[in-house]
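In what follows, a structure is listed as structure tokens, so that the remarks can point back to it.
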Ligand SMILES: *Cc1c(COP(=O)(O)O)cnc(C)c1O
């Protein structure tokens, strides 16, 4: 069942689009089923749940932290996390850098943009994000590598609105790329699209989708 779902999702992705299987709230056995079907990249949004799964499952899984991360939790995931997707402040970026350095690692991160209309969604407003990049302190963080952006669209049935938000995400990515990462080939990740909207996300330039319920339930 999970293997079938996984295949269905994978078959609908264009070449070069990375699939993060979002396994939050789903049991270890389900993750293992997806693993046995060949999936290696998984997304979790809570540190404790991730810790348990990381310890129980094969070590070649690449775990992405996709939820809001408190600075005091960074130290627990820094030894092994493959990517931290929802960086929403300079303070968090700084702490990731500090903990990565302690572990002799460079940790990949994405900057989370708030483009949805709801006030509940987290992330930085584009202007805050550009301001942070402009200010330039991040350039001294040698143990984080900013790989791109991540965002969540509004939770709505209005496809036009979702499309607009994805398009804005792509525009933000492009201008960041131009202004701050023009000669950095590793700034190349646009992470948007979930079970309900990943096909549209893909049409709007996403190359990194985070799909949970469509695979696991
Ligand atoms: C839960 C979650 C997803 C996956 O959502 P589904 O609708 O289950 O595909 C993607 N991104 C984030 C940040 C999430 O928290």
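Brief remarks follow.
- Residue identified as surrounded by fewer than 17 Cβ atoms within 10 Å (Cβ to Cβ), within 15 Å of the ligand (Cβ to nearest atom) and more than 27 Å from residue 39 (Cβ to Cβ) among 128, 118, 174: 118
- Residues in segment 149-165 that are surrounded by fewer than 24 Cβ atoms within 10 Å (Cβ to Cβ) and not in a helix (DSSP H, G or I) were compared, and the one that is farthest from the ligand (Cβ to nearest atom) is 158.
Conditions (1) modelled with pLDDT under 95; (2) more than 23 Å from residue 124 (Cβ to Cβ); (3) within 15 Å of the ligand (Cβ to nearest atom); (4) touching a strand residue (DSSP E or B) at 6+ places or on another chain (Cβ under 7 Å), marked per residue:
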| position | (1), (2), (3), (4) |
| --- | --- |
| 60 | no, yes, no, no |
| 70 | no, no, no, no |
| 75 | no, no, no, no |
| 82 | no, no, no, yes |
| 87 | no, no, yes, yes |
| 94 | no, no, no, no |
| 99 | no, no, no, no |
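- Test: residue in segment 90-101 that is in a loop (DSSP other than H, G, I, E, B) and farther than 19 Å from residue 189 by Cβ: no
- Any hit, segment 43-51, residues being on the phi > 0 side of the Ramachandran plot and either more than 14 Å from the ligand (Cβ to nearest atom) or touching a residue at least 24 places away in the same chain (Cβ under 8 Å) (or both): no
- Residue within segment 196-215 that is within 13 Å of the ligand (Cβ to nearest atom), farther than 27 Å from residue 74 by Cα, without any contact (Cβ under 8 Å) to a residue 24 or more places away in the chain and surrounded by fewer than 18 Cβ atoms within 10 Å (Cβ to Cβ) present: yes
- Yes/no for residue 190 being over 14 Å from the mean Cα position of the chain (by Cα), within 16 Å of the ligand (Cβ to nearest atom) and under 25 Å from residue 90 (Cα atoms): no
- Test result for residue 193, surrounded by 19 or more Cβ atoms within 10 Å (Cβ to Cβ), touching a helix residue (DSSP H, G or I) at 6+ places or on another chain (Cβ under 8 Å) and part of a strand (DSSP E or B): no
The values are calculated or read from the model by the stated rules, or taken from the named source; none is laboratory data. Keep in mind that what you see is a predicted model, and the values were worked out from it rather than measured. Here the Cβ is made from the backbone with ideal geometry for all residues, glycine too, and neighbour counts use every protein chain on show.
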